[in-house]
Structures are given as C-alpha cells and as structure tokens.
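A.B. asks: Below is the structure I would like to discuss, written out as structure tokens.
The values are calculated or read from the model by the stated rules, or taken from the named source; none is laboratory data. It should be emphasised that the depicted structure is a prediction, and the values quoted were computed from it without experimental measurement. Cβ placement follows ideal geometry from the backbone for every residue including glycine, while neighbour counts extend to all protein chains displayed. Quick note on the areas: whole protein, heavy atoms, side chains included, nothing else; ligands and nucleic acids left out. Shrake-Rupley method; radii C 1.70, N 1.55, O 1.52, S 1.80 Å.
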Amino acid sequence: MLLFPEGMVKLNASAGQILLRCDGVKSSAEIIADLENAFATTGLGADVEAFLKVATDKGWVEWVDR
Amino acid sequence: MSANPAAAVAITPPLWLVAELTYTCPLHCPFCSNPLDFAAQNNELSTADWIRVLKEARALGAVQLGFSGGEPLTRKDLEVLVAEAHGLGYYTNLITSGAGLTETRIRLLKEAGLDHIQLSFQDSTREVNDFLSSTRTFDLKRRVAELIKGHGFPMVMNCVIHRLNIDHVDRIIDLAVEIGAEYLELANTQYYGWALLNRDHLIPSREQLERAEAVVAVRRAVLGNRLRLLFVVPDYFEGRPKRCMNGWGTTILCVSPDGTALPCHAARMLPGLAFPSVRSSSVRDIWFDSPAFNQFRGEAWMPEPCRSCPERAKDLGGCRCQAYLLTGDMGATDPACDKSPQHDVVLAAIAAGERVAERPMLFRSPDNSRHIMENPGQPTVGAEIRIA
C-alpha cells in the first residue's frame, strides 16, 4: 500500500518490490540489477523502466540528482 | 432473493477513515458539505472516544486518515489525536481552512507526526474568497500556506469551483503555483447540503465549464509533475454518475462529530437507514454487520437501467444521496446518468442556473441552520428540487 496526500494505491507484488528499492540512493540501473539478482532472473529492465515512468507521472516517486 | 442484499458480497475492510471532528467552523461557505441541521448537533465525541475509533479502524486495516470538519483546528485535542494516529501507523491528513493554524500549533502538529495538510481557498481573489467564506481570511490563508511550506509539509490546495469563480481557474492555478502546493484540487461543487440549497447561484453554465476544462488541460500539459491538477468531475454535466466514495461501504468510513458512522458524510439524511454510532457499536460491527452499511453493497439493490447496464461495475449506480435528493428514492439510478429516466431533473437544474436565482444565497451559519430547522413550513430543499 502506498499512501500520499488524500490518496492511496494498492500495489501488486512486483510494483511493491520495485518501489521498496526506490530509496533516493540507488539508480534505476542498480534497482534493476538488484531485482534481477533477488529473483534470479534477467530481462526486467524494460518492465521496471516502464513502471518507473508511470510511478513518476503519478507522483509516487521523485528523481534526485547524484 | 436473500434477506440481506449483501449476503453474497465479499466485504473488504475500510481503508480510509474520515474523522469529522466537529461542525464548528469560523467560515460560512454557501457550498459547505456539512448537513443543513449541523447546529442541532453539538454532542461531540470525546478525545477518548476518538482514540478508540482510531484504534478499532486501524485494527481492521484502515491506513489513510483525514481529520476533517467543520474546522478540525477548533478541537483543542487535535494534536493528541494526530499523535495517536501517527503512532498507530496511519497516514494523517489535516483538511483545514487555515483558520487557527498558528506557528505554535503547526509546530506541535509536526511533532505529533502529521503527514500532510490540505488548505482550502475559496478563490484566487481576496474579494471573492472573503465574500464566500464571510470572513477576512484570504491574507491569513496566504500566511498559513507559508507556514505549511516552512514546516516541510506536502500541501494540497483545494478550491471548490462554481459559477462565481470558475472563470478564475487560470488565476487559481497561478495561486497554487505561488504558494508552492504539490497538488491543486479544483473541486467542482457537488450538490448536497448547503450547495444544493444554493445550487441556482453556484451551478456554472456548460460554456463556463468547457472553458475551464480547456484552461486546465493547457496548464496541466505545461506544469507536468510540478503541480498536479485534480479536476473533480462535475457529474451533472458528464452524463454519467460518479462512483461515489469509491463505492458504498467499500473503502471509506466517515465518523461524524457526534459519533454516527456513515459510508459517506452526506448519507445521514437518507431515510429509514439507522446509521450506528461508535458510542454503542464497535467499528467492526458497524462496518461488516450493520444493515445500513450493507444496504447498497454489491449489485442486488440496483434498479433498471443499472441492473443490466454494462457500466454498472464502473460507477456502481452512482451516488445514493444524489438519487434521494433529486428523485426522492435513494434506491434509484443516480439521475446524473443520462440513462436515468429522471435525468431531466439534472438538465432542469443546469437550465435553472441560467436564470436569475429567486432566493438570496444562504450562507452556512449556525443561525441559518437553526432557521432552516425551525421553519419546516417554508420551502424545503427537498420540495424545491424535486422537480419530477
């Protein structure tokens, strides 16, 4: 469950796993690598990037410069 | 058919608790969503009652919490309730006019763990803001916005939209940018309570609405993620009803100042439904087992044209309060839907807005509330608007 001003969204398992890793420190490439490692798979990049774009548009995540 | 129309419906727990702490408010907005007879209700829940409600709702799974009213800052125990809610793990929202939000109180609220503040403006101009609220609050709201940002809160600016300010939408968006709001709710008036009483004064023309929508579209494209614009659907003009409160008894639990539990803050006036009180029932019993909360769950209650409508799962038949207020039957299809056999009452309301209103605007004040209660012989809201 993600909560924000006057709204909330129930995340599915994979969205939750992605957002758990959005910590303001890791880059999207590092998040993808971490997910592929955690779930012993490859090729998640496009799906993760697509979700992060949606999440950015909806204000669920913000990007920070490093 | 089963005696309990919701018997076959899986009941999900409440996720969102709306705590209407009080009907006391220094502002007198003529579109207020509080009940017309709010002045008769002065038996507010105690701090201990509210803490019990917060605990019980959280135990059921509620995570989103709005402290609302009236003006919730008129409750001296707001900080205590925020701290309790924060400790329980709620995301806590304060929905305020700004009146009473001093430097001292905002600091205490921050320490208590408040997550977000929604600040209302009535317009982008001092003149209209102060006229509609019957208070000199425009400058105060600007200062409160600075306090909110200064203390690092995310801020939603809310502005109820109607005929008197809809042509200022561009400037209202400018104001939201100036004060640093993250979200702007352009809340097209929903016609219940005081707004229904004053509908002839408030309803915009279709042309006004179309102009405003065009402005919002242009500004949204430019602003992007910097300021999120929420344009609350003006259902009278849409031809389809809204999925009210995300569906009756599906998500949101409202507790009114005297402890009456409601699926929607406007539902109290629906006839024949005994809404339970948190003073005498547990939140669990209220949510899962009370006949009132089960009344309009699922689809078994639906009449035609909803019952066979391919869109029924999308809008769930629309708003029960609106159906009652406009047709006299709370079980009818929401007349905002153009498939409703009574949609003409909505079209007539839009047409009535084009004429000069016959009555003066009635502001939301304790005096006017008592006057309405004490003069039942005068044209009532129901009689005036049941055109059918």
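A.B. asks: Return the residues of segment B:7-49 that are open to solvent by 20 Å² or more (accessible area, probe 1.4 Å), polar (S, T, N, Q) and closer than 16 Å to B:LEU362 by Cα; say none if nothing qualifies.
C.D. replies: Correct list: B:SER33 only.
A.B. asks: Based on what the data block shows, is A:LEU35 under 9 Å from the mean Cα position of the chain (by Cα) and either assigned to a helix (DSSP H, G or I) or among the acidic types (Asp, Glu) (or both)?
C.D. replies: no
A.B. asks: Another question about this same structure. Which condition number in (1) within 14 Å of chain B (Cβ to nearest Cβ); (2) surrounded by 10 or more Cβ atoms within 10 Å (Cβ to Cβ) is the one that A:ALA33 fails?
C.D. replies: Here A:ALA33 clears every test but (1).
A.B. asks: Among the candidates B:ARG211, B:ARG219, B:ARG163, B:ARG143, single out the residue that is open to solvent by 40 Å² or more (accessible area, probe 1.4 Å) and under 23 Å from the mean Cα position of the chain (by Cα).
C.D. replies: Checking each option against the conditions leaves just B:ARG163.
A.B. asks: Can you name the residue in segment B:166-195 that is of a type in the set (Val, Ile, Thr) and over 22 Å from the mean Cα position of the chain (by Cα) and, of all such residues, is most open to solvent (accessible area, probe 1.4 Å)?
C.D. replies: B:VAL177
A.B. asks: For B:ARG220, indicate whether it is of a type in the set (Lys, Arg) and within 14 Å of chain A (Cβ to nearest Cβ).
C.D. replies: Criteria met by B:ARG220.
A.B. asks: Still on this structure: Which of the residues spanning segment B:155-175 are farther than 25 Å from B:SER365 by Cα and within 14 Å of another protein chain (Cβ to nearest Cβ)?
C.D. replies: Correct list: B:MET155, B:VAL156.
Matching residues to (1) open to solvent by less than 30 Å² (accessible area, probe 1.4 Å); (2) in a helix (DSSP H, G or I); (3) at positive phi; (4) of a type in the set (A, V, I, L, M):
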site: B:SER281; (1), (2), (3), (4): no, no, no, no
site: B:ARG284; (1), (2), (3), (4): no, yes, no, no
site: B:PHE293; (1), (2), (3), (4): yes, yes, no, no
site: B:GLU299; (1), (2), (3), (4): no, no, no, no
site: B:MET302; (1), (2), (3), (4): yes, no, no, yes
site: B:ARG364; (1), (2), (3), (4): yes, no, no, no
site: B:ARG370; (1), (2), (3), (4): no, yes, no, no
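A.B. asks: May I pose another question? Among the helices (runs of 4 or more DSSP H) confined wholly to segment B:306-362, which include 3 or more residues that are among the hydrophobic types (A, V, I, L, M, F, W, C), open to solvent by less than 50 Å² (accessible area, probe 1.4 Å) and without any contact (Cβ under 8 Å) to a residue 60 or more places away in the chain?
C.D. replies: Ranges flagged: B:344-352.
A.B. asks: Examine segment A:38-60 for a residue that is among the aromatic types (Phe, Trp, Tyr) and either assigned to a helix (DSSP H, G or I) or open to solvent by 80 Å² or more (accessible area, probe 1.4 Å) (or both), and state whether such a residue exists.
C.D. replies: yes
A.B. asks: Related question: Can you report the number of residues in segment B:227-270 which are among the polar types (S, T, N, Q), open to solvent by 30 Å² or more (accessible area, probe 1.4 Å) and either more than 15 Å from the chain's Cα centre (by Cα) or over 27 Å from B:MET155 (Cα atoms) (or both)?
C.D. replies: Residues that pass the stated criteria total 1.
A.B. asks: Tell me the residue from B:ASN165, B:ASN225 that is at negative phi, polar (S, T, N, Q) and modelled with pLDDT under 95, please.
C.D. replies: Among B:ASN165, B:ASN225, only B:ASN225 is at negative phi, polar (S, T, N, Q) and modelled with pLDDT under 95.
A.B. asks: Checking B:GLY152 against (1) within 14 Å of chain A (Cβ to nearest Cβ); (2) open to solvent by 10 Å² or more (accessible area, probe 1.4 Å); (3) at negative phi; (4) without any contact (Cβ under 8 Å) to a residue 60 or more places away in the chain, which single condition isn't satisfied?
C.D. replies: The number of the failed condition is (3).
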